[in-house]
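Scroll down for the structure; my scribbles are underneath it.
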Amino acid sequence: MYYVLLIVGAALVNNFVLSRFLGICPFMGVSKRIDTAIGMSMAVIFVMTLASFVTWLINYYLLTPLGIQYLQTIAFILVIASLVQLVEMIIQRVSPPLYQALGIFLPLITTNCAVLGVALLNIQLKYNLLEACIFAIGAALGFGLALVVFAGMREDFELNNIPKAFRGTPIALITAGILSLAFMGFSGLVK
Amino acid sequence: MINAVILVGGIGFVAALILGISAVTFAVKMDPREKAVLDQLPGANCGACGFAGCAAFAHELTQNENAEMACPAVNEEALQAISDVLCRELGGGTPMIAFVGCKGTPEKSITRFSYVGPHDCRAAQIVAGGAKACQYGCLGLGSCVDVCPFDAIHMGEDSLPHVDDLKCTGCGKCVDTCPREIIRLVPANANYCVSCISRDSAKDMKAYCQVGCIKCRICENTCPFDAIVVVDGNAAIINQEKCRKCGLCVSVCPTGVIEQLHVQAKAYIIEEKCRGCSICAQVCPVDAISGKPKEPYVIDQGKCVGCGLCIEKCPADAVERLSI
């Protein structure tokens with residue numbers, strides 16, 4: 001039950017995009033079509049979980065013993081970026097279909113702030129390794145949910161007669177704000 | 001302090017080492033020709049070739065010995081370069097451009113009702129068959145503009161789409177998008193096209209459009225080359241293979257529905273070469289050439305329409321086009 005609440009809390013209540021305002025760049029950039037949004041979400045779930053796992057190990061087995069936790073940010077960025085590059089290479093060789101599906105999205109999110117954010121939060125909230133991974137999955141699911149919902153709304157904009165000054169990014173930002181307000185309704189769902 | 005330097009440097013070093021080794025171990029062998037072919041393709045990923053994008057098509061071209069050049073947007077130079085890379089000749093076909101077959105501006109072609117729905121021709125077409133009284137007329141909401149991957153179509157002040165023939169590559173996306181099939185592909189060197197596809201009779205059409213083809217057949221009777229015909233109640237159609245670009249049809253059309261796409265260079269006679277055989281004067285469809293036998297003939301530039309018949313027929317190669 002605790003782990004379910006952890007996922008719900010990360011996905012809905014403290015949604016990374018709409019409550020914590022992390023990862024706005026891909027939220028705006030890859031939300032024009034639902035299918036690309038789904039591809040991006042899959043890549044985010046994959047990278048976030050992997051990154052949480054590795055950065056947790058780095059933090060507790062390298063940084064803490066040496067007493068240099070203040071280097072978290074730079075060390076995490078370094079590790080996440082090279083890890084994703086490595087995974088991308090392996091996928092390209094081992095599973096071309098998976099590479100076709102995830103390939104272009106992987107490099108896009110290597111140093112994304114949502115990915116780095118989940119790694120840092122894992123440490124700040126003092127999660128153990130299992131909790132950290134579950135929290136990352138929940139956060140990534142929340143990111144994917146927000147992205148796909150938003151992409152669905154933006155697809156509908158194509159058919160609406162929007163005033164010229166609001167077309168494109170302006171109306172997207174306004175909608176994101178309203179969507180964020182709607183997600184605020186989840187606060188209090190999980191303590 | 002020293003710990004920090006060693007740690008961050010160490011992580012960086014180890015990561016670089018692993019990445020370097022795996023770049024070699026997990027390297028996916030890519031045909032170098034594929035990159036060369038991809039560089040020559042337009043890169044708009046329009047999908048007109050039937051593949052997922054330019055990269056996918058480049059892959060197909062290099063891997064499949066029998067793959068044809070399916071990209072309609074590739075120019076001659078690039079086609080030659082790709083043929084060189086692949087060491088086999090690729091047929092290109094005639095370059096085509098999109099042509100909008102309607103001149104019905106809001107002033108000249110009336111609407112039945114005021115449409116306030118999604119700003120999209122396909123959606124507008126569903127609502128009682130579109131707002132235009134003419135069921136063959138352009139709805140003017142610009143779905144073709146939105147879909148063009150080359151930014152080659154723009155809505156004009158007249159609420160009709162206009163094709164930029166320098167940018168248009170003939171990929172045909174707009175042709176597929178237009179719900180009324182008004183846009184069609186014509187050879188890029190075509191000079192005259194009929195801007196109407198209506199099958200309505202002249203009587204019906206007069207009620208709602210001033211610029212449609214009324215099927216009067218004057219162009220058909222005027223054309224010296226039988227290139228323009230009015231058949232089965234269709235609007236006049238120009239056979240671009242037969243058309244000699246004389247432009248007579250434009251001058252006789254009572255509704256001005258035939259559009260001139262390019263200006264043809266006019267012909268002139270080189271006096272020193274002309275033997276005065278009078279063949280040019282006989283073939284000229286617009287009687288622009290005059291002169292006396294055995295003396296150099298002269299082309300009246302005011303009358304010449306640049307059809308090029310005289311150039312072809314002259315036995316002494318004495319006729320040439322003026323360079324524009």
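Counting only residues that are among the small types (Gly, Ala, Ser) and touching a residue at least 40 places away in the same chain (Cβ under 8 Å), how many does segment B:125-163 have?
Filtering segment B:125-163 for residues among the small types (Gly, Ala, Ser) gives B:128-131, B:133, B:137, B:140, B:142-143, B:152, B:156, B:159.
Then drop every residue that is not touching a residue at least 40 places away in the same chain (Cβ under 8 Å), which leaves B:130, B:133, B:137, B:152, B:159.
Total satisfying the criteria: 5.
Among the listed residues B:50, B:101, B:117, identify the single one that is crowded, with 20+ Cβ neighbours inside 10 Å and out of contact with any Pro (no Cβ under 8 Å at 6 or more places or on another chain).
Details: B:50 fails: crowded, with 20+ Cβ neighbours inside 10 Å; B:117 fails: crowded, with 20+ Cβ neighbours inside 10 Å.
Every option except B:101 fails the conditions.
Tell me yes or no: at least one residue of segment A:122-138 is within 14 Å of chain B (Cβ to nearest Cβ), open to solvent by less than 70 Å² (accessible area, probe 1.4 Å) and over 18 Å from the mean Cα position of the chain (by Cα). Lay out the reasoning, then the answer.
Step one: list which residues in segment A:122-138 are within 14 Å of chain B (Cβ to nearest Cβ), which gives none.
The answer is no; no qualifying residue exists.
Pairs under 6 Å by beta carbon, first residue assigned by TED's automatic domain parsing to the domain that holds residue B:316 in segment B:291-302, partner among the acidic types (Asp, Glu), six or more apart or different chains?
Partner pairs satisfying both residue conditions: B:296/B:271.
Are any of the residues in segment B:74-93 assigned to a loop (DSSP other than H, G, I, E, B), more than 25 Å from the chain's Cα centre (by Cα) and on the phi > 0 side of the Ramachandran plot? Break it down into steps so the answer makes sense when it comes.
Restricting attention to segment B:74-93, the residues satisfying the condition of being assigned to a loop (DSSP other than H, G, I, E, B) are B:74-75, B:87-93.
From what's left, more than 25 Å from the chain's Cα centre (by Cα): B:87-88.
Applying the additional criterion that residues be on the phi > 0 side of the Ramachandran plot yields B:87.
Yes, the conditions are met somewhere in segment B:74-93.
Restricting to segment B:245-278, name every residue that is closer than 19 Å to residue B:309 by Cα, touching a residue at least 24 places away in the same chain (Cβ under 8 Å) and open to solvent by 60 Å² or more (accessible area, probe 1.4 Å). Lay out the reasoning, then the answer.
To start, the set of residues in segment B:245-278 that are closer than 19 Å to residue B:309 by Cα comprises B:245-251, B:260, B:262-271, B:273-278.
With touching a residue at least 24 places away in the same chain (Cβ under 8 Å) added as a condition, the list becomes B:245-250, B:260, B:262-271, B:273-275, B:277.
Correct list: B:260, B:263, B:266, B:268, B:271, B:273, B:275, B:277.
Condition check ((1) within 11 Å of another protein chain (Cβ to nearest Cβ); (2) in contact (Cβ under 8 Å) with a residue 24 or more places away in the chain) across all residues:
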{"position": "B:3", "(1), (2)": "yes, no"}
{"position": "B:40", "(1), (2)": "no, yes"}
{"position": "B:70", "(1), (2)": "no, no"}
{"position": "B:74", "(1), (2)": "no, yes"}
{"position": "B:88", "(1), (2)": "no, no"}
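Return the residues of segment B:127-146 that are modelled with pLDDT under 90 and β-branched (Val, Ile, Thr); say none if nothing qualifies.
The answer is B:127, and nothing else.
Could you tell me which residue of segment B:1-27 is nearest to residue B:85 (Cα to Cα), considering only residues that are open to solvent by less than 70 Å² (accessible area, probe 1.4 Å) and either in contact with a strand residue (DSSP E or B) (Cβ under 8 Å, 6 or more places away or on another chain) or not in a helix (DSSP H, G or I) (or both)?
In the first step, residues of segment B:1-27 are kept if they are open to solvent by less than 70 Å² (accessible area, probe 1.4 Å); the result is B:3-4, B:7-12, B:15-16, B:19-20, B:22-23, B:26-27.
Among the residues that remain, those that are also either in contact with a strand residue (DSSP E or B) (Cβ under 8 Å, 6 or more places away or on another chain) or not in a helix (DSSP H, G or I) (or both) are: B:26-27.
On the way: B:26: 27, B:27: 23 Å.
Only one residue tops the list, namely B:27.
For the subset of segment B:107-124 comprising residues that are in contact (Cβ under 8 Å) with a residue 60 or more places away in the chain and outside any strand (DSSP E or B), which member is nearest to the chain's Cα centre (by Cα)? If you could, list the steps in order and put the result at the bottom.
Residues of segment B:107-124 that are in contact (Cβ under 8 Å) with a residue 60 or more places away in the chain, as a first pass: B:108-110.
Still in the list and also outside any strand (DSSP E or B): B:108, B:110.
Details: B:108: 25, B:110: 28 Å.
Among those residues, the one meeting the criterion is B:108.
So which residues in segment A:73-89 are within 18 Å of the chain's Cα centre (by Cα) and either within 7 Å of chain B (Cβ to nearest Cβ) or hydrophobic (A, V, I, L, M, F, W, C) (or both)? Steps first, please.
Let us first name the residues in segment A:73-89 that are within 18 Å of the chain's Cα centre (by Cα), namely A:73, A:76-85, A:87-88.
Of everything in segment A:73-89, those that are within 18 Å of the chain's Cα centre (by Cα) and either within 7 Å of chain B (Cβ to nearest Cβ) or hydrophobic (A, V, I, L, M, F, W, C) (or both) turn out to be A:76, A:77, A:78, A:79, A:80, A:81, A:82, A:83, A:84, A:85, A:87.
Being of a type in the set (Ser, Thr, Tyr), within 14 Å of chain B (Cβ to nearest Cβ), surrounded by fewer than 16 Cβ atoms within 10 Å (Cβ to Cβ) and not in a helix (DSSP H, G or I): is that true of residue A:111 here? Before the answer, list the steps.
On the way: of a type in the set (Ser, Thr, Tyr): yes; within 14 Å of chain B (Cβ to nearest Cβ): yes; surrounded by fewer than 16 Cβ atoms within 10 Å (Cβ to Cβ): yes; not in a helix (DSSP H, G or I): yes.
So residue A:111 fits the description; yes.
The values are calculated or read from the model by the stated rules, or taken from the named source; none is laboratory data. Quick caveat, the model's predicted, so the values are computed rather than measured. Note that we place each Cβ from the backbone using ideal geometry, even for glycine, and neighbour counts take in every protein chain shown. SASA here: full protein model, heavy atoms, side chains in, ligands and nucleic acids out. Shrake-Rupley method; radii C 1.70, N 1.55, O 1.52, S 1.80 Å.
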